[in-house]
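Engineer: Quick one: the structure is below, questions incoming.
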Amino acid sequence: MINAIRKLFGLLGRYQKLYLMSALLLMLSIAFRSLEPKILQITIDHVVVLGASDASLGNEDPDAVASALLNLLPPLDVANLGSLLLGVALMYVVIALMRGGLLFSSDALKAWCAEKAGKGLRDRLFDHVQQLPLSYFTTTTRGELIQRITGDVDTVRGFLKGQIINLIRIVTIFIFGFTLIAMINWEYALICLTVSPLIGISSYLFFKKERKIWKEHEAEQDKLNNLVQENLNGIRTVIAYNNQDYEIEKFYDQNEKKRGMGLRQNVLHTFFWPLSDFLGFLQISVSIIAGGYFAMKGEMSVGELLSSYSYLGMVAWPMRQLGRTLSELGIATVAMERLREIEDAKVESKAGEKPEKLQGHLRFDHVYFRYKPTDEWVLKDVSFEVQAGEKIAFVGPTGAGKSTLIKLLLALYKPQKGQIYLDGKPLDSYAPEFLREQIGLALQKAFLFSTTIKDNIAYAKPESPLEDVMAAAQVAQFSEISNLFTDGYETMVGEKGVTLSGGQKQRVALARTLLPAPQMLILDDITSALDTETEQALFQAIQDSLREKTAFILSHRITSIQQADRILVLDEGQIVQEGTHEELHKIPGYYQEIHQIQTAVEAEILK
């Protein structure tokens, strides 16, 4: 538990000293608060008694704190009674002002530190996530990541804002309360702690159970968040298949599991809080009886008894509040561990060479790859060579390994066996960021950001002037933007480009790829949503962009594949055929089959 608090405190980073200053101000505030019952004590035992009996109190033996406060007052004399009462009142006002001012300063500084630490934690996590390898995201859902970076960070921030300082408050109040009671009567002070061990043990057990339940609760929350996000991302499909009832049922079932965990937590609280209340009131009852006994024996004055009862609350309240703080600690430690899991994920190495320019010579040498150790090989003994400036097409059935080849080329994954060479050097000797700057990728399923068409095209080169953006759009055969949209290039495309058609999204993505003029190009089925005429115009337009650059074309359409100098046919992770279009369509195999099918379809359409 102490270790958990230490780790949570460590999240404050460079704000730790200011946070400790907040704690010090709080402790000073509590110190002034602790003087209030002493003022009541000296008022009853000295000032009130002096006025009632008209007698000297020279035989009184007040404790050290009471004596110090008495020294601030005029001499104890009936003639000074008015001044004494005024002095007591002024003393109380000064203490209240000091206490309030210190508490305000402490709370303001604490809140500032917690908010700064929370922001820093969110920034640090998001920065870390951006540097993780793609393989991390294949095993971690987006809903889970969103919940951790937002919900868990807020949980930790809330604990830093309220509960760490509250723990300091609890300990300080307890120490002051117990010490001041002990200065009056140490035997009575020990009696005031008789039930405290039971409260401490029950609070610790509650902390352990709360932590376990909350961990399971957050796991169910992650699943619920992921379900909602997946549903909203695929809402078109849900509506198109009229599957709303099925989705509602899935949400209901997962929400029910989350509710079950919430009920378990509530049952735990329902059991613990009455128990802690009972133990707290039992402690107060025992202390009241003991205080009355000591007062009747003359071992405590009336003023000391009343001030002791005030300090009794300062001893009993922290013990009960400890359970609530430990409850929050259990939740915060779970949140912190979930955040640590993200921070502990190994980031992608940025080390490697960054030459001025790539030539584009590529060689796969007996490459094997699979996504998980238990999976079948996605690529098996793949070897081929691409000369600089050559245009290579990859074709094959779904799942043949075409997309995996591209992921390896972009260093998104590394092969388990074999080696990939680029310009004669191992691919992993280059810095990943350099490879992705030099190799342009245009995907079939284009992802667009919820911003303008211009910003989407200029994403890889944000400082690009509008003229360059328009030139890239023209090459991508999307120069009619100004005619199609009232706001032209400033048109907002909506989430994932929802306001654009599939072909328009593909052409925006292609323009985005072409704008920074990469040295190598990967065109992954970029014409699947285009008609044949637009496809031909597009490939004709990008000839200048492809000139003297190594290019890889992935497609199922013969019209796209024909643009290549050489075609590699993949099936079940292996290269089964290689040659030009003129060679392959005459040889029995997958390529000949799709050529015959597509030729027959085109002939039927032209009838």
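The values are calculated or read from the model by the stated rules, or taken from the named source; none is laboratory data. If you're wondering where the values come from, they're calculated on a predicted model, not measured in any experiment. In this analysis, Cβ positions are derived from the backbone assuming ideal geometry, glycine residues included, and neighbour counts consider all displayed protein chains. These area figures cover heavy atoms from the full protein model, side chains too; ligands, DNA and RNA do not enter into them. Shrake-Rupley method; radii C 1.70, N 1.55, O 1.52, S 1.80 Å.
Engineer: Towards the positive end of the charge dipole of the chain, with charges on Cβ (+1 Lys, Arg; -1 Asp, Glu), say which of 389, 307, 585 has the farthest Cα.
Structural biologist: In the chain, that residue is 307.
Engineer: As an exercise, identify the GluC sites (Glu not before Pro) in region 506-565 lying in DSSP coil whose Cβ has no more than 11 other Cβ atoms within 10 Å.
Structural biologist: Working: sites: 533, 535, 548; in loops: 548.
Qualifying residues, ordered by number: 548.
Engineer: Still on this structure: Mind checking the angle between helix 164-184 and the chain's longest principal axis? C-alpha axes, 0 to 90 degrees, to the nearest 10.
Structural biologist: So the inclination is approximately 10 degrees.
Engineer: Work from the charge dipole of the chain (Cβ charges, +1 for Lys and Arg, -1 for Asp and Glu, about the Cα centre) and give the residue of 42, 567, 234 farthest towards its positive end.
Structural biologist: Result: 42, furthest along the dipole toward the positive end.
Engineer: On the Cα set of region 62-143, report Rg and Dmax in Å, please.
Structural biologist: Computed over the Cα atoms of region 62-143, radius of gyration and Dmax are 28.2, 87 Å.
Engineer: What is the dipole size for region 253-337, taken about its Cα centre, with +1 at each Lys and Arg Cβ and -1 at each Asp and Glu Cβ, in debye to the nearest 20? Before the final figure, lay out the partial values.
Structural biologist: On the way: 7 positive and 7 negative charges, 42 e Å.
Here region 253-337 has a charge dipole of around 200 debye.
Engineer: Quick check: the distance between the Cα centres of region 354-375 and region 192-228, to the nearest angstrom?
Structural biologist: If you average the Cα positions of each part, the centres end up 48 Å apart.
Engineer: Just for region 478-589, what percent of DSSP beta bridges are antiparallel, to the closest 5? It would help to have the intermediate numbers written out before the result.
Structural biologist: On the way: 5 of 10 bridges.
Among the beta bridges of region 478-589, antiparallel pairing accounts for roughly 50 percent.
Engineer: A further question on this structure: Rounded to the nearest 20 Debye, what is the dipole magnitude of region 499-607 about its Cα centre when Lys and Arg each give +1 and Asp and Glu each give -1 at the C-beta?
Structural biologist: Numbers: 9 positive and 16 negative charges, 85 e Å.
My answer is approximately 420 debye.
Engineer: Rounded, prolate or oblate: which fits region 159-215 when a ≥ b ≥ c are the square roots of the eigenvalues of the alpha-carbon gyration tensor, with rounded for a/c under 1.5 and prolate only if a/b beats b/c?
Structural biologist: Details: a/c = 7.35, a/b = 1.71, b/c = 4.29.
Oblate shape, in that a/c is at least 1.5 and b/c is the bigger or equal ratio.
Engineer: Continuing with this model, one more query. Roughly how many whole Å is it from the C-alpha centroid of region 391-430 to that of region 294-320?
Structural biologist: 78 Å
Engineer: Cα gyration tensor of region 232-371, axes a ≥ b ≥ c as square roots of the eigenvalues: rounded (a/c below 1.5), prolate (a/b > b/c) or oblate?
Structural biologist: Since a/c reaches 1.5 but b/c is at least a/b, the shape of region 232-371 is classed as oblate.
Engineer: As a test, work out the antiparallel percent of DSSP beta bridges whose residues both lie in the chain, rounded to the nearest 5.
Structural biologist: Numbers: 18 of 36 bridges.
DSSP beta bridges in the chain are roughly 50 percent antiparallel.
Engineer: Quick one: helix 502-514 against the long Cα principal axis of the chain, what's the angle to the nearest 10°, folded into 0 to 90?
Structural biologist: Rounded to the nearest ten degrees, it is 90.
Engineer: While we're here: Only one of the values (i) 16, 38, 28, 16, 2, 0; (ii) 18, 50, 28, 4, 0; (iii) 15, 33, 24, 16, 10, 3, 0 was calculated from this structure for P(r) over Cα pairs in 20 Å bins from 0, in percent; name its label.
Structural biologist: Entry (iii).
Engineer: Taking amide H positions as placed 1.01 Å from N in the peptide plane, with prolines and chain starts having none, which residues 5 or more places from residue 491, or on another chain, fall under 5 Å of its amide H?
Structural biologist: 453, 454
Engineer: While we're here: Compute the helix-to-body angle for 590-606: its Cα long axis versus the longest principal axis of the chain, expressed 0 to 90° and rounded to tens.
Structural biologist: Rounded to the nearest ten degrees, it is 80.
Engineer: Using the Cα centre as the reference, give the magnitude of the dipole from point charges on the C-beta atoms of the chain (Lys, Arg: +1; Asp, Glu: -1; all else neutral), rounded to the nearest 20 debye.
Structural biologist: Using only the charged Cβ atoms, the result is roughly 1140 debye.
Engineer: What does the helix-only formula give at 222 nm for the chain: each DSSP H stretch with n ≥ 4 adding -39500 (n - 2.57), the total divided by the residues, and the result rounded to the nearest 500 deg cm²/dmol? Mind dumping the intermediate values first?
Structural biologist: Working: 25 runs with 367 residues, N = 607.
Calculated mean residue ellipticity at 222 nm is -19500 deg cm²/dmol.
Engineer: For the chain, what does the accessible surface come to per residue with a 1.4 Å probe? Please give it in Å².
Structural biologist: On the way: 30620 Å² over 607 residues.
I get 50 Å² per residue for the chain.
Engineer: Give a quick list of trypsin sites (Lys or Arg not before Pro) in region 335-377 that DSSP marks as loop, anything other than H, G, I, E or B, with at most 13 other Cβ atoms within 10 Å. The partial results should precede the final answer.
Structural biologist: Values: sites: 338, 340, 346, 350, 357, 363, 370; in loops: 346, 350, 357, 370.
In loop regions of region 335-377 (DSSP not H, G, I, E or B), the sparsely surrounded trypsin sites (Lys or Arg not before Pro) are 346, 350, 357.
Engineer: Net charge near residue 270: determine it from the other residues with C-beta under 15 Å of the C-beta of residue 270, scoring Lys and Arg +1 and Asp and Glu -1.
Structural biologist: Numbers: positive: 209, 264, 324; negative: 210, 277.
Residues near residue 270 contribute +1 overall.
Engineer: What is the percent carbon and sulfur in the accessible area of the chain, measuring with a 1.4 Å probe over the protein chains and ignoring ligands? Walk me through the numbers on the way to the answer.
Structural biologist: On the way: 17660 of 30620 Å².
Carbon and sulfur atoms account for 58 percent of the accessible area of the chain.
Engineer: Which Cα, out of 262, 323, 196, lies furthest along the positive dipole direction of the chain (beta carbon charges, K/R +1, D/E -1)?
Structural biologist: The Cα lying farthest towards the positive end belongs to 196.
Engineer: Mind scanning 209/250; 17/223; 425/496; 119/414 and naming the pairs with a C-alpha gap bigger than 31 Å?
Structural biologist: Numbers: 209/250 29 Å; 17/223 38 Å; 425/496 38 Å; 119/414 34 Å.
Those over the limit are 17/223; 425/496; 119/414.
Engineer: Still on this model: Rounded, prolate or oblate: which fits region 518-602 when a ≥ b ≥ c are the square roots of the eigenvalues of the alpha-carbon gyration tensor, with rounded for a/c under 1.5 and prolate only if a/b beats b/c? Intermediate values should be presented prior to the final figure.
Structural biologist: On the way: a/c = 1.96, a/b = 1.28, b/c = 1.52.
Judged from the Cα gyration tensor, region 518-602 comes out oblate (a/c at least 1.5, b/c at or above a/b).
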